[in-house]
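Mind having a look at this structure? Questions to follow.
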Amino acid sequence: MFASLRGDLRAVRERDPAARSAIEVALAYPGVHAIWGHRVARLLWRSDLKLAARVLASLTRVITGVEIHPAATLGEGLFIDHATGVVIGETAEVGADVTLYQGVTLGGTSLERGKRHPTVGDRVTIGAGAKVLGPITIGDDTRIGANAVVVKSVPPNSVVVGVPGQVIARSRRRPVDGPLDLDDALMPDLLGTSLQSLLSRVDQLETALNGRASNGAARPSELGVWAGEDFSI
């Protein structure tokens, strides 16, 4: 148990540049408190003290803003950053060295009993506000972008963005001991890229038909700033 507690503190210090000391993490990080509360609640659950386990889980949610069902399985080295609004369902399984940001949901899509929540592999990072729903599997070393909604299984070493989540293979593998790639600004914009391609195709067709492209359609500049007269607020 104490080895697990030390591992929880070490995970935060390795992945959060704002963490200055183990004492600060132990006293001021609600994500760590949520994990510790879950460890105790899970012991109660496995000891067939299920009511006590659910009560403790509810108290932990009130204190930390994180809801973790006591039957959920959490691997070593889990880091819940900022914590608020995180939900982990009953049959969810989370691997080792996983990072979850605020607002993440590992939820179910069925009212039937049995496996209905995700299985998350090792070294997965799930961005703020992302929803991973159903009895799907998220492969090792996968990165899920902020606010993505994932409802299908994802192969290892993928990037997932959008609603619904679209899988993009990484151009290169992230070293196991390397830094986490957490910059959402570098995530691809699938919708924007598709729209820009469509607008370019429309320009080509209009040029072929009329001898010139129409300038009436609003479109982003090369800097990503949209311009047009339709955007008055």
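The values are calculated or read from the model by the stated rules, or taken from the named source; none is laboratory data. It should be emphasised that the depicted structure is a prediction, and the values quoted were computed from it without experimental measurement. A quick note on method: Cβ atoms are made from the backbone with ideal geometry, for glycine too, and the neighbour counts reach across all protein chains shown.
So which residues in segment 157-184 are modelled with pLDDT under 80 and under 15 Å from the mean Cα position of the chain (by Cα)?
Residues satisfying the conditions are Leu180, Asp181, Leu182, Asp183, Asp184.
Find the residue count for segment 28-58, including only residues that are among the small types (Gly, Ala, Ser) and under 23 Å from the mean Cα position of the chain (by Cα).
Looking only at that region, the number is 6.
Continuing with this model, one more query. For Gly129, which of the numbered conditions (1) in contact with a Pro (Cβ under 9 Å, 6 or more places away or on another chain); (2) surrounded by 15 or more Cβ atoms within 10 Å (Cβ to Cβ); (3) at pLDDT 85 or above; (4) of a type outside the set (Asp, Glu) fails to hold?
Going through (1) in contact with a Pro (Cβ under 9 Å, 6 or more places away or on another chain); (2) surrounded by 15 or more Cβ atoms within 10 Å (Cβ to Cβ); (3) at pLDDT 85 or above; (4) of a type outside the set (Asp, Glu) one by one, Gly129 breaks only (1).
Might you check whether a residue that is under 23 Å from Pro118 (Cβ atoms), at pLDDT below 90 and within 22 Å of the chain's Cα centre (by Cα) occurs anywhere in segment 74-91?
yes
Within segment 138-156, identify whether any single residue is touching a helix residue (DSSP H, G or I) at 6+ places or on another chain (Cβ under 9 Å) and modelled with pLDDT under 90, and answer yes or no.
No, the conditions are met nowhere in segment 138-156.
Going by the conditions given, is Lys152 surrounded by fewer than 17 Cβ atoms within 10 Å (Cβ to Cβ), farther than 19 Å from Val32 by Cβ and without any contact (Cβ under 8 Å) to a residue 24 or more places away in the chain?
Yes; evaluated as a whole, the condition is true for this residue.
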